[in-house]
Amino acid sequence: MSQPPIATETLGSFSEDPAPGDAPTSKKKNGNVAKSPTQIALTRLRKDRVALVCGTIVLLLVVLGVFAPLITHLLDIHEKQEPGLPGLTELLEYDGFPAIGPPYYPFTWEHPLGIAPQTGYDNLARLLYGVRTSLLVSTLATVLSTLIGVTIGLMAGFARGWPDRILSFIIDLFLSFPFLLGALCLAPIITSRFSADVDKLGRAQLLALVGVLVVFGWMSLARLVRGQVLSLREREFIQSALVIGVPTRRILFKELLPNLVAPIVVAVSLMLPAYVAAEAGLSFLGIGLTGIPSLGQTINVAYGYFDAYSLYLWAPVIVVMVLVVALNLLGDSIRDAFDPKTRR
Amino acid sequence: MRLKTPFIALATAGVMTLAACGGSGGSGGDSGDSGVDRDKLGDTGDAQDAEREGPVEIEGAKKGGTVKVLSVNGLNTMDPAEAYYVNTASILTGLVTRSLTQYAYDEESGQMTLIPDLATGLGTPNEDFTEWKFTIRKGAKFENGKEITADDVKFGMLRAMDRKAFPDGPAFANDYFEGGADYKGPYSGKSTDFDAIEVDGDTLTIKMSTPFPDMPYWGTFPAMGPVPEGPASTPEKYRQHPLASGPYKFAQYNPEKNLTLVRNQAWDPKTDPGRTQYPEKYVFDVQVESAKIDQILLADQGEGQTTMTYDDVLGADFRKFSNDHKDRLVIGGQPCTYYWGLDYRKVTDKLVREAVAWAYPYKDAILAGGNIDGVTRLSDASALMPPGTPGRKEYTAVEGHEPGTTDPAKAKALLEEAGAMDYELKFLFANDDPNGVAQKDVIVAALEEAGFKATPIATTTAELSEKRSDPDSDLNVRSSGWCSDWPAGSSWFPPVMQSTNLDEEGLGANYSVFSEPEVDDRIKEILQMPLEEQPEAWGDLDETIAKEYLPAIVTSYTGTAQAHGSKVNGHNIDIGYGMPTWKGIWVS
């Protein structure tokens with residue numbers, strides 16, 4: 001759970017583009033002559049087997065997460081203790097181990113992955129909801145930090161002078177603030193603020209977690225964008241736009257931003273798995289989510305059972321691992337596809 | 001032994017796991033013989049042996065070796081005046097400091113016997129127990145070789161009465177000694193003038209403000225031991241290094257991290273009727289993760305063979321210990337009761353309180369809290385005094401309600417009768433503790449099924465006890481526990497059921513905020529009664545309070561399941577504390 005590492009080496013730049021000054025938006029009508037960098041990248045991606053496999057896995061997990069309520073409903077499994085369900089005394093034995101399914105009893109379709117010791121939760125239901133939470137948190141955090149990062153990066157890079165220096169200072173300030181410390185401080189504050197309403201607390205925790213990830217995650221993208229803008233700013237097409245009096249907003253969004261699509265896509269695709277891992281990590285430490293099912297939280301309570309009931313621990317660990325690895329490899333492939341320097 | 005509030009709070013939340021698990025296969029598993037013996041739970045026994053003399057020798061025991069002790073809970077202050085947690089008090093009295101009296105483990109009955117320590121007997125009371133005489137034995141020395149005198153013992157007592165310097169220590173001396181309530185102590189009051197304790201040669205005479213027949217029990221506390229007067233015993237210094245009078249002395253101590261005890265050469269076994277000095281040293285390593293402790297003990301390799309713990313083994317590992325390493329698993333009782341205190345000012349309808357007794361998910365809450373049903377927690381609990389306390393009666397508080405059973409239909413019927421459907425119950429839970437959250441979930445589910453409206457209030461483990469003991473906090477249920485200081489009703493009802501002055505003292509340990517003049521009077525009356533009539537009177541009072549007022553729903557009793565390496569011998573449970581019998585441990 002460190003900050004999402006967005007390595008600077010991922011910056012595919014278009015400075016070596018054979019046709020300088022040719023903004024991708026000015027697509028020629030004649031499609032077979034020129035393709036936009038995005039189109040080129042997509043073509044490349046389609047040919048990349050790793051990207052295809054990872055993309056499929058990610059898609060599958062996304063589908064599982066999105067449809068978690070439906071799937072659990074169909075299988076009649078529950079992620080929470082609810083009135084009307086069998087009590088713990090029926091599900092568990094005297095020491096908290098399940099009285100149904102693994103590790104001591106045979107497999108049952110009622111609980112395909114068994115039930116959790118001590119709490120009696122259905123493991124599969126917890127897993128599906130955990131994936132859902134992971135993806136929700138990481139997607140929200142990624143979208144928000146991309147928005148903030150790109151905006152601040154564009155402004156800082158284009159503004160010159162004092163505004164740039166102030167914005168750069170703010171970026172450095174946030175970079176220097178210890179991430180874990182911030183997260184640790186925030187957790188008890190949120191708990192005491194929303195103590196009376198448990199549902200609200202759950203939502204507050206989710207938002208706070210997203211907030212923490214965003215507050216400590218947007219800087220690298222901002223720096224990256226700023227650097228790109230600094231070099232693009234001096235290029236002829238921007239200079240000429242300035243000379244003929246194109247409004248700043250138009251320059252930023254129509255001239256600069258399209259040229260930044262590649263580095264942003266790359267950064268985003270690497271940010272996503274980092275956030276998935278960070279969410280699991282924070283929840284493992286008990287400073288992330290508590291009321292909502294989360295993979296990190298399940299791993300935290302399950303690690304004492306690594307020997308006696310390994311399925312309970314390994315299922316969430318493997319899912320987190322597969323999710324992060326798939327997203328990372330997909331991110332790598334996207335980077336390769338967008339990077340004009342890689343020729344394969 | 002009374003566990004001070006913070007400890008219980010933490011135990012409830014599952015952080016301090018000393019008192020944390022429980023279960024004897026009530027729920028389908030057969031724990032049968034591996035379960036705790038319910039009848040002996042808190043049975044420290046009323047066995048006394050005023051004549052016992054040292055030295056103690058254990059047959060076949062060998063000298064030497066290092067015992068490593070692991071625990072997840074920190075060792076905070078080690079000042080005898082302040083050691084009121086089960087772990088610190090038990091380690092101090094078992095190994096380091098001596099008091100007027102002490103307990104010795106009785107192999108045959110599994111109980112503790114009250115025997116003399118620094119005093120030559122168990123004290124001589126006057127007729128109505130308002131004056132006690134103790135004679136301090138000769139030949140007992142501090143670790144620096146100085147002879148322990150009656151004056152040292154007096155100073156130790158005076159010191160422990162300094163409530164401002166030691167706010168967390170036990171206050172029995174202030175409550176019972178004549179003038180104790182007004183005495184400020186040697187540090188805060190800068191005075192050692194206290195007439196209730198008189199020294200005449202080697203005889204101590206203590207005058208009481210009210211009859212105090214339990215003085216010999218109070219005499220076992222580390223606070224009732226010798227401390228030399230002088231600059232070495234200022235609170236700041238002494239909590240780092242209390243001067244040893246027992247068989248072991250401090251070699252190195254990092255608060256909340258570790259403690260090394262080595263043999264105290266000045267200790268003379270002939271003067272001590274209870275303690276032994278077999279191992280070369282003890283190394284306490286605390287704040288070690290519970291899962292790690294269990295793995296070290298399960299593996300039983302190398303240093304693990306001479307390692308022991310006073311924490312309960314985790315539910316995840318209990319089965320492995322009891323199946324494969326039964327000889328290294330020690331199960332015993334602890335004189336503690338957990339209960340749901342229903343705020344007597346707010347939940348005024350007795351029918352509603354009875355409905356709670358029917359609705360509470362006794363067994364589910366035990367399991368969800370990570371306890372072992374029947375070993376570390378026992379759900380068939382009814383009386384406030386745990387089994388084994390003299391005078392305790394078995395009774396059912398609510399008519400027809402089998403202790404430990406849940407019946408939502410009955411609860412609903414009672415709520416309807418009271419016209420209080422959807423009655424709101426507000427209680428705290430620690431949001432950062434998975435056990436606390438899981439427990440909250442099952443309680444909420446059970447209450448709502450029974451027609452209550454459950455409003456759990458989230459808090460953190462660190463803040464839980466403070467919020468709970470605030471009489472003005474917006475709660476009407478306080479979950480808490482209490483452990484007796486000594487096996488008598490006098491250690492239960494005055495603190496737990498006597499009304500307190502809420503503005504000045506706060507709740508104290510009266511978490512039900514129970515206040516009935518009749519009960520207050522009865523408690524005072526019983527304290528004045530002849531000693532032999534007291535136990536029965538307490539037992540009757542226990543039943544009367546539950547049947548007539550029901551201010552608290554008793555949810556469980558506790559036991560403990562500890563483990564040790566294969567080379568550690570003599571590890572039994574001191575049921576007074578639920579801690580190991582330090583006095584008999586040796587390494588083979």
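Couple of notes before you dig in:
- Listed by chain and number, the lysines placed with their C-alpha closer than 26 angstrom to that of B:K146 are B:K63, B:K133, B:K138, B:K154, B:K190, B:K237, B:K249, B:K270, B:K281, B:K583; residues fewer than eight positions away on the same chain are left out.
- Count Lys and Arg as plus one, Asp and Glu as minus one, and take only other residues whose Cβ is under 12 Å from that of B:L70; the net charge is then -3.
- Table column - 3J(HN,Hα) (Hz), segment B:383-397, Karplus curve with 6.51, -1.76, 1.60, x for Gly and Pro: 6, 5, 6, x, x, x, 5, x, x, 5, 10, 7, 8, 10, 5
- Each stretch of four or more DSSP H residues adds -39500 (n - 2.57); spread over every residue of chain A, this sum gives -21000 deg cm²/dmol at 222 nm.
- In this entry, the protein assembly as shown is assigned a mean projected area of 45.0 nm², taken as a quarter of its C-alpha convex hull surface.
- Taking each residue as 0.36 nm, the span from B:D349 to B:T544 lengthens on full extension beyond its C-alpha to C-alpha distance by 68.5 nm.
- Taking A:F216, B:F177, A:F169 and counting other C-beta atoms within 10 Å, the order from fewest to most: A:F169, A:F216, B:F177
- Taking other Cβ atoms within 10 Å as a rough exposure proxy, A:I244, A:I190 sort from fewest to most as A:I244, A:I190.
- Expressed as a fraction of 2.2 N^0.38 Å, the value expected for a compact globular protein of N residues, the C-alpha radius of gyration of segment A:49-338 is 1.21.
- With 0.36 nm allotted per residue and the present C-alpha distance subtracted, the A:V325-A:E234 stretch has 28.9 nm of extension available.
- Reachable lysines from B:K467, criterion Cα separation under 24 angstrom, eight or more residues apart if same chain: A:K200, B:K4, B:K164, B:K346, B:K426, B:K440, B:K453
- Computed about its Cα centre, the charge dipole of the protein assembly as shown is approximately 6380 debye, with only Lys, Arg, Asp and Glu carrying charge at their Cβ.
- The residues B:E108, B:E402, when put in order of fewest to most other Cβ atoms within 10 Å, stand as B:E108, B:E402.
- Fully extended contour minus Cα-Cα distance, from B:Y395 to B:A181, at 0.36 nm per residue: 73.4 nm
- Farthest positive-ward along the protein assembly as shown dipole, Cα basis, beta-carbon charges - from B:L298, A:F174, B:M161: A:F174
- Charge context of A:I171, other residues only, Cβ under 10 angstrom, K/R +1, D/E -1: +1
- Each helix, a run of at least 4 DSSP H residues, gives -39500 (n - 2.57); summed and divided by the residues of chain B, these come to -6500 deg cm²/dmol at 222 nm.
- At R0 = 25 Å, FRET efficiency that the Cβ-Cβ distance of B:Q295 and B:K453 yields, to 0.05: 0.05
- Inter-label distance, nm, simple model (7 Å from Cα along the C-beta direction), A:V66/A:L147: 2.0 nm
- Percent of Cα-Cα distances greater than 17 Å, calculated over segment A:168-212: 41 percent
- GNM on chain A, alpha-carbon springs under 10 angstrom: the most fluctuating residue among A:A141, A:A187, A:A262 is A:A187.
- Cα gyration tensor shape of chain B, rounded if a/c is under 1.5, else prolate or oblate by comparing a/b with b/c: oblate
- When only the Cβ of Lys, Arg, Asp and Glu is charged (+1, +1, -1, -1), the dipole of chain B relative to its Cα centre reaches about 2000 debye.
- Computed E for B:N254/B:E417 - FRET, C-beta separation, R0 56 angstrom, nearest 0.05: 0.45
- Unit Cα scatterers, Debye sum, segment B:203-242: log10 I(q)/I(0) for q = 0.17, 0.22, 0.28, 0.32 Å⁻¹: -0.63, -0.83, -0.99, -1.13
- Distance between modelled label sites at A:E110 and B:T130, nm, 7 Å Cα→Cβ extension: 6.7 nm
- Whichever aspartates and glutamates have a C-alpha closer than 19 Å to that of B:K320, once near sequence neighbours (fewer than 8 apart) are set aside: A:E93, A:D95, A:D307, B:D30, B:D33, B:E289, B:D294, B:D300, B:D311, B:D312, B:D373
Read-outs: derived from the displayed coordinates by stated rules, not from any lab. Just so it is clear, the structure is predicted and the values come from calculations on it, not from any experiment. Quick reminder, even Gly has a Cβ in these numbers, built from the backbone with ideal geometry, and neighbours come from all protein chains shown.
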